[in-house]
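Read the figures in this text as sums done on the coordinates, not as results from a lab. Computed from a prediction, not measured in an experiment: that's the story for all the values here. Glycine also receives a Cβ, built like all others from the backbone with ideal geometry; neighbour counts cover every protein chain displayed.
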Amino acid sequence: MKLSTFDLPNGKRHIGAFLDGDNKWVDFTAATNSPFFASMLSLIDAGNEGLEQARHLVEQAKVTRVLADIKLAAALPEPRQMRDFLCFEKHFRQARANRHLFMGNAAQAVASFTERDPAKVEIPAIWYEEPIYYKCNRFSVVGTGTDVIKPAYCEMLDYELEFAAILGKGGVNISKENARSHIFGYCIFNDVSARDQQMREMSGSLGPSKGKDFDTGNIIGPWLVTADEIADPYNLTMVARVNGEEWSRGNSKDMYHKFEDVLAHVSQDETLFPGEFFGSGTVGNGCGLELGRFLKDGDLVELEIEGLGLLKNRIVFKS
């Protein structure tokens, strides 16, 4: 199922499932008074029983909505926790190779861009030994169609082409062998980044913080695809377009650390809970920093991942 969170004209927030062939949504919340469908977190918490009831509602399709009657919100508007990882070696190498872009302002950086050899970049040994991550602001999540507002302190705004696994079953000391069974589903993630601020703050050996944490900075959607619909999460074509022009293309097969590695690592002596979010990190070639290009006012950013849909957002610079 392609599960969605959406807002009605009366301001009420419902959840449901997108029907591909009919291009409409089954409204779970309106179809039943079951507490399972009060929110996406409620459905995740309901486990298999909730999913079975959801599938039954899809089959019945008694209450449906069309896009003109709703506004899609983030698929999971308020995850219980958000962690974003750095699982793609190519991205790590290329991003580090382009650190020289931060010596001037955005216009100077793009004008003076010279490609440096990522193969010569030294990667810390710890990156190969375990999946590294930071914790995102789970309260700054938005969905497809929402404008991304550039923070006032940023000149170099960037997108990041990622996908994420959402936990359906909690636990502690989860084994790699059992980790896949803990995943509820997958979605696209745009980890919007204030690159110049990120570089400044991380020079102090901590962060990222304000380089990532600002309103509209975490985009999740367009829906949450249940794990049973994704036969192999490690063979998904990933594409980013800006104003219709393809900027990025990669594949999830290049993840050095898989979600199984991630869950096993994080859950060491730490209890995880349903509804937690685990980002893959940026796929190789999956951001403007790697390409020497940054976003401008009015740019339309589209992230598309095979089987997971299309995430579309406009960039807005407020004066």
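Which shape class applies to region 2-72: rounded if a/c is under 1.5, otherwise prolate when a/b exceeds b/c and oblate if not, where a ≥ b ≥ c are the square roots of the Cα gyration tensor eigenvalues? Mind dumping the intermediate values first?
Values: a/c = 1.86, a/b = 1.28, b/c = 1.45.
Taking the square roots of the gyration eigenvalues as a ≥ b ≥ c, region 2-72 is oblate.
Please list, ordered by chain and number, the residues whose modelled amide H lies under 5 Å from the amide H of residue 248; skip anything fewer than 5 residues away on the same chain.
Those qualifying (amide H under 5 Å, at least 5 residues apart or on another chain) are 240.
Which entries of 120/296; 71/312; 12/212 show an alpha-carbon separation above 19 angstrom in the structure shown? Could you put the intermediate results ahead of the total?
Details: 120/296 31 Å; 71/312 13 Å; 12/212 29 Å.
Checking Cα-Cα distances, 120/296; 12/212 exceed 19 Å.
Which of the aspartates and glutamates could a cross-linker span from residue 253 if the Cα-Cα distance has to be under 13 Å and same-chain partners fewer than 8 positions apart are dropped?
Partners found: 89, 162, 232, 306.
In the chain, what % of DSSP beta bridges are antiparallel (nearest 5)?
Taking every DSSP beta bridge within the chain, about 90 percent pair in antiparallel fashion.
Residue farthest toward the positive end of the dipole of the chain, with Cβ of Lys/Arg at +1 and Asp/Glu at -1: which of 123, 292, 34?
292
For a test of the definition: using alpha carbon positions, the gyration tensor, and the 1.5 limit on a/c, classify region 33-76 as rounded, prolate or oblate.
Numbers: a/c = 2.38, a/b = 1.30, b/c = 1.83.
Oblate, since a/c reaches 1.5 and b/c is not below a/b.
For region 287-304, in order, what is each residue's ³J(HN,Hα) by Karplus, 6.51 cos²θ - 1.76 cosθ + 1.60 with θ = phi - 60°, in whole Hz (x at glycine and Pro)?
Per-residue couplings from phi come out as 7, x, 4, 5, 9, x, 9, 10, 7, 10, 4, x, 4, 9, 9, 10, 10, 10 Hz.
Points 7 angstrom from Cα along the Cβ direction at residue 245 and residue 270: gap in nanometres?
4.0 nm
Give me the extension gain from residue 33 to residue 67: residue separation times 0.36 nm, minus the current Cα-Cα distance, reported in nm with one decimal.
Taking residue 33 through residue 67 to full extension adds about 9.9 nm, to one decimal.
Under 1.5 on a/c is rounded, so check that first for region 200-319, then, if it is not, pick prolate when a/b is larger than b/c and oblate when it is not; a ≥ b ≥ c are the square roots of the alpha carbon gyration tensor eigenvalues. Don't jump to the answer; show the numbers that get you there.
Details: a/c = 1.71, a/b = 1.21, b/c = 1.41.
Oblate.
At what distance in angstrom do the alpha carbon centres of region 150-192 and region 217-278 lie from each other?
6 Å
How large is the helix-only mean residue ellipticity at 222 nm for the chain, computed as the sum of -39500 (n - 2.57) over DSSP H runs with n ≥ 4, divided by its residue count, in deg cm²/dmol to the nearest 500?
Taking each H run of at least 4 residues, the total per residue is -5000 deg cm²/dmol.
Long-range amide H contacts for residue 283: which residues qualify at under 5 Å (H placed 1.01 Å from N, peptide plane, sequence gap of 5 or more or a different chain)?
Amide H neighbours of residue 283: 161.
Run the dipole for the chain about the Cα centre, Lys and Arg Cβ at +1, Asp and Glu Cβ at -1, nothing else charged, and hand back the magnitude in debye, nearest 20.
Charge dipole of the chain: 620 debye, to the nearest 20.
Quick check on the exposure proxy: order 156, 255 from fewest to most C-beta atoms within 10 angstrom. Spell out each step's value before the answer.
On the way: 156 24, 255 21.
Arranged by neighbour count, lowest to highest, 156, 255 become 255, 156.
Quick check on the exposure proxy: order 256, 133, 186, 128 from fewest to most C-beta atoms within 10 angstrom.
Least to most surrounded, the residues fall as 128, 256, 133, 186.
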